[in-house]
Amino acid sequence: MGLRVHAHHGVFDFERENGQTFVIDVVVHLDARPAADADDLASTVHYGELAERVVAAVENDPVDLIETVAERVAGVALTWQAVLRVDVAVHKPDAPIDAVFDDVVVRISRSREAAA
């Protein structure tokens, strides 16, 4: 998805006060055949709705860890019945690290079976 969300997560006070950009990648795994056969949005994921819910989940309730943000996003994606598995990456490109780096990222995979 590459959603860019301004949020206030982090362990340092200045991160919580000023906020920063987080980039959220979400890959949903599903059996697309029922939706494709019926050509019916109700049989799959409404990606605009998914994006809105992911943005809301990332913007709300600041936490210390991007791992927590990733778990929150995975939980949102798994609310769609069609989603069997979800891969989430939370990027923090402006993390307060005293080194030259391109990105800090946490990647997780969660499945419907594990969520039950």
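The values are calculated or read from the model by the stated rules, or taken from the named source; none is laboratory data. What you see is a predicted model, and the numbers here were worked out from it, not measured in a lab. Here the Cβ is made from the backbone with ideal geometry for all residues, glycine too, and neighbour counts use every protein chain on show.
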Subject >> Subset of the range 97-116 that is in a loop (DSSP other than H, G, I, E, B) and touching a strand residue (DSSP E or B) at 6+ places or on another chain (Cβ under 9 Å) - its residue that is nearest to residue 11 (Cα to Cα) >> reply: 104
Original post:
How many residues are surrounded by 13 or more Cβ atoms within 10 Å (Cβ to Cβ) and either among the acidic types (Asp, Glu) or in contact with a Gly (Cβ under 7 Å, 6 or more places away or on another chain) (or both) if we restrict to the range 53-78?
Top reply: 3
Original post:
Tell me, which residue of the range 6-48 that is exposed (fewer than 12 other Cβ atoms within 10 Å of the Cβ) and small (Gly, Ala, Ser) is modelled with the highest pLDDT?
Top reply: 48
Original post:
In the range 67-89, how many residues are touching a His at 6+ places or on another chain (Cβ under 9 Å) and not aromatic (Phe, Trp, Tyr)?
Top reply: 7
Original post:
Would the range 88-98 turn up any residue that is farther than 19 Å from residue 4 by Cβ and either surrounded by 12 or more Cβ atoms within 10 Å (Cβ to Cβ) or in contact with a Gly (Cβ under 8 Å, 6 or more places away or on another chain) (or both)?
Top reply: no
Subject >> Hits in the range 97-111 - residues which are charged (D, E, K, R) and in contact with a Leu (Cβ under 7 Å, 6 or more places away or on another chain) >> reply: 110
